1. Order of K153, K207, K214 from fewest to most other C-beta atoms within 10 Å?
2. Please tell me which of these pairs span more than 32 angstrom C-alpha to C-alpha: K206/K229; K52/K183; K170/K229?
3. Okay, which of region 37-73 sit inside 20 Å, backbone N to the point 7 Å along the Cα-Cβ direction of R24?
4. When only C-alpha pairs under 8 Å and at least 6 residues apart count, what is the relative contact order of region 8-283, in percent?
5. Can you give the alpha-carbon Rg of region 44-132 over 2.2 N^0.38 Å, where N counts its residues?
6. Using the Karplus equation 6.51 cos²θ - 1.76 cosθ + 1.60 (θ = phi - 60°), what ³J(HN,Hα) coupling, rounded to whole Hz, does each residue of region 207-220 give in order, writing x for Gly and Pro?
7. Output needed for region 25-76: three equivalent-ellipsoid semi-axes, defined as square roots of 5 times the C-alpha gyration tensor eigenvalues, in descending order, whole Å.
8. How large is the translational diffusion coefficient of region 8-283 in µm² per second when you combine the Kirkwood radius over alpha carbon pairs with Stokes-Einstein at 25 °C and 0.890 mPa s?
Amino acid sequence: MSYSGRIIDIHTHVQPATVIADRRPFVETEPDFKTLYENPKYTLSSSRDVLKHMEQCGVEASVILGFAWRDPKLLAMHNDMILADCRKQHPGLYGFTCIYPFAPGRGAADEAERCLDAGASGIGEVGLYDRDLDTEYIDAMEPVMKAALEREKPVMMHVNEPIGHNYSGKAPMTISGIYNFVKAYPDNRIILAHWGGGLFFFHSLKKEAKQLLKNVWYDSAASPYLYDKTIWKTAVDIIGPERILLGTDFPLLSIDRYIKELDASGLGREELEMICCRNAEGLLNLD
């Protein structure tokens, strides 16, 4: 069987034209950006690139994500670009607003509130690449999580597996750090990117975890680079298909790589439709 149904890509990245044209100044001033994109071989994409990918691969809608810039002016400019692209370019684009958790004062919360009230569909991908989701990080996110909860918007967090090979952007995270973050905000709708760093395996625990993780979704971003294709069936067996979101991490990978794996996963049509479209549709409150 080859899946040919509706597709919503929950995880794509776009950059401003100035960054795409010359990344070097931003590599020099933004340590998190340097960690991910110092190598010029790593592709940067625009909203137009996402739309082209959608047209070529039959993707109905995509969530476009910015970057957690430490420079507040650059962060606001990037968020404004995403909001504008969603308004003018295509009804299939849905933008999340990004924030830098350690912005001075209420900087992160103010930016989150400004963009959510201007039409952003969620917050994320919130990612810092030099630390775990420790107590300081969890506390810094409190006003941002409050803003999202009040507006009933999801928050996407960058998390990654704590073991295995190293790669650009792999943060020194722990399962307990990821779990404690969710535990601090159990009422928020949280998307844990990259299969939640493996947190979904712990839904099998008999006590606490199942209930605590009830508002958590897991996306598949970068999955073909991180896991073998058995991850899809394994995840469905543990958490069911209703908490899994198809995300490509575009431009890192095309949707075709994921559909190929899903076709070989042994999952049924109903399960594939939930993963590829219906879960994201419900989470984003799309008609």
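Quick note: the coordinates plus some simple rules give every number you see, no bench work behind them. This one's a predicted model, so the numbers in the text were calculated from it and none came from an experiment. No Cβ is skipped: glycine too gets one built from the backbone with ideal geometry, and neighbour counts run over all protein chains shown.
1. Starting with the residue having the fewest Cβ neighbours, the order is K207, K214, K153.
2. Result: K52/K183 exceed 32 Å.
3. Under 20 Å, as judged by backbone N against the label point of R24, lie 37-45 of region 37-73.
4. Relative contact order for region 8-283 comes out at 18 percent.
5. Relative to the rule-of-thumb radius for its length, region 44-132 sits at 1.11.
6. Ordered by residue, 3J(HN,Hα) equals 10, 6, 4, 4, 6, 5, 8, 5, 10, 10, 10, 10, 9, 9 Hz.
7. 26, 14, 8
8. My calculation gives 131 µm²/s for D.
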